[in-house]
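Okay, structure first, notes after.
Each reported figure results from applying straightforward, stated rules to the coordinates on display, with no laboratory input. All figures in this text were calculated on a predicted structure; none of them were measured in a lab. As a convention, Cβ positions derive from the backbone with ideal geometry for all residues, glycine included, and neighbour counts pool all protein chains shown.
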Ligand SMILES: [Ca+2]
């Protein structure tokens with residue numbers, strides 16, 4: 001039956017009603033079209049003013065582990081490409097020299113003198129983990145106010161004691177990955193989490209290294225998240241666990257290294273399930289991560305998002321693995337758990353096609369706690385938290401940059417309490433009950449020449465700064481820890 005026939009047999013009243021209906025339908029159609037146009041325009045506007053932010057963080061990757069930072073053995077072509085297309089920071093610092101406090105600093109915009117988590121779970125005064133509390137304001141919560149959809153994929157490590165501190169209570173809309181540090185020491189874990197639900201990845205057995213290599217699942221989930229959020233601004237915090245111990249990787253990633261005649265490095269197993277090759281495995285893990293960052297770059301190109309996405313690559317602290325084979329820290333002194341440069345100075349690359357000038361390198365002295373104000377400035381909101389950070393957006397845009405008066409760290413594990421300050425060209429390191437050491441990094445990057453005796457006034461200034469820079473934290477006092485007190489008697 002055609003609609004013409006129906007109209008032919010209508011009374012005038014019916015015709016009027018049908019006209020009204022047709023008019024309404026027409027109006028509805030116009031309204032719908034307008035709404036579609038308006039919504040698309042609004043999305044386009046939101047996109048144009050609020051770029052996506054992808055913050056990729058490696059775990060225990062050293063300052064010298066990337067080709068673009070001088071690495072000669074490990075191949076990282078995609079991350080090197082990011083640096084070519086974007087900006088490389090030479091003086092960027094992690095929040096801490098180990099995982100948990102570094103991540104808290106990144107998320108809350110605070111340095112170790114003000115942070116609520118200042119050590120890994122085992123190293124608290126109460127002998128139990130202290131997590132990020134629900135009262136803390138994170139960068140994800142700040143970005144939420146600006147209309148962002150937020151995901152953390154990878155290692156959270158800040159909800160050891162209970163579920164209150166899980167990502168979905170901290171401004172994230174989606175979580176996939178490791179809840180706890182210890183689980184994140186395994187690449188075929190028995191437990192991963194999706195949002196607030198734990199699950200056993202199919203076929204996984206951490207002891208026999210069977211099942212799904214978790215790094216690959218993290219990559220898949222990151223690609224999915226990007227694909228599902230192409231229309232509105234998003235923040236993706238991609239916290240890979242590579243190349244943190246244990247050293248293990250699928251064989252295909254070892255191909256390019258295994259016939260180079262590299263020496264093996266035998267590792268103490270502890271609870272780790274290391275592969276046998278050592279050096280080959282370490283390089284292969286870094287290269288696998290690099291390969292997957294290449295896939296993310298490709299997807300951004302394919303979706304037309306590369307120009308509207310700031311992509312950052314960095315590491316959460318210095319390396320732990322190398323014994324001079326790779327030169328993982330270049331010329332820097334120390335490694336993970338040190339407050340010398342090797343423990344805290346990390347690679348940092350930012351690419352934002354069309355906005356950051358390609359191939360730039362800068363010396364801006366910046367740190368993890370600057371990310372929160374930077375992200376807020378990019379998103380067009382003011383931080384509501386009392387941050388120690390200074391936005392590095394001006395540096396990214398090639399504009400004049402406000403400088404820090406100083407950067408501050410404290411750390412208290414097996415070496416006992418250590419503090420450090422970076423102020424201009426100068427660096428101060430203070431071990432418990434020892435005189436302060438001071439170095440001029442401008443001409444002594446490797447911190448070999450302690451100038452405390454020849455610069456007594458400067459040394460005294462630093463002693464004062466060490467007191468001013470911090471507030472007490474009952475869970476992380478700067479006293480020798482119970483487990484190591486005997487060293488200080
Ligand atoms: Ca780490």
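Give me 145, 118, 179 sorted ascending by neighbouring Cβ count inside 10 Å, so fewest comes first.
Working: 145 14, 118 29, 179 22.
Arranged by neighbour count, lowest to highest, 145, 118, 179 become 145, 179, 118.
Dividing the mean sequence gap of close Cα pairs (under 8 Å, 6+ apart) by how many residues segment 147-220 holds gives a relative contact order of 25 percent.
Express the relative contact order of the chain as a whole percentage, based on alpha carbon pairs under 8 Å and six or more residues apart in sequence. Each step should come with its number before you reach the end.
Details: 1022 pairs, mean separation 112.6, N = 489.
The normalised contact order for the chain reaches 23 percent.
Reported to the nearest whole Å, the Cα centre-to-centre distance from segment 421-489 to segment 63-80 is 31. Kindly express, to the nearest 10 degrees and within the range 0 to 90, the angle between helix 214-228's C-alpha long axis and the longest C-alpha principal axis of the chain. Value to nearest ten degrees: 40. Using a ≥ b ≥ c from the Cα gyration tensor of segment 52-404 (square roots of the eigenvalues), is it rounded, prolate or oblate, where a/c under 1.5 gives rounded and otherwise the larger of a/b and b/c decides, a/b for prolate? Judged from the Cα gyration tensor, segment 52-404 comes out rounded (a/c under 1.5). Extension gain, residue 125 to residue 445, is 111.8 nm, computed as 0.36 nm per intervening residue step minus the present C-alpha separation.
Among 63, 340, which comes first, second and so on when ranked by fewest other beta-carbon atoms within 10 Å?
Fewest-to-most ranking of 63, 340: 340, 63.
Assign one of three labels to segment 278-395, namely rounded, prolate or oblate, based on the Cα gyration tensor with a ≥ b ≥ c the square roots of its eigenvalues; rounded applies when a/c is under 1.5, prolate when it is not and a/b is larger than b/c, and oblate otherwise. The shape class here is oblate.
If you rank 200, 319 by fewest surrounding Cβ atoms within 10 Å, what's the result? Provide the component values of the computation, followed by the final result.
Values: 200 12, 319 26.
Lowest to highest Cβ neighbour count: 200, 319.
Angle of helix 99-108 to the longest C-alpha principal axis of the chain, folded into 0 to 90 degrees and rounded to 10: 50°. Between segment 312-379 and segment 155-187, what's the alpha-carbon centroid distance in Å? Their Cα centres are 23 Å away from one another. Hey, what angle do you get for helix 12-49 against the long axis of the chain, alpha-carbon based, 0 to 90 degrees rounded to 10? So the inclination is approximately 20 degrees. Please work out whether segment 124-229 counts as rounded, prolate or oblate from its C-alpha gyration tensor, where a ≥ b ≥ c are the square roots of the eigenvalues and a/c under 1.5 means rounded, while otherwise a/b larger than b/c means prolate and anything else oblate? Oblate, since a/c reaches 1.5 and b/c is not below a/b.
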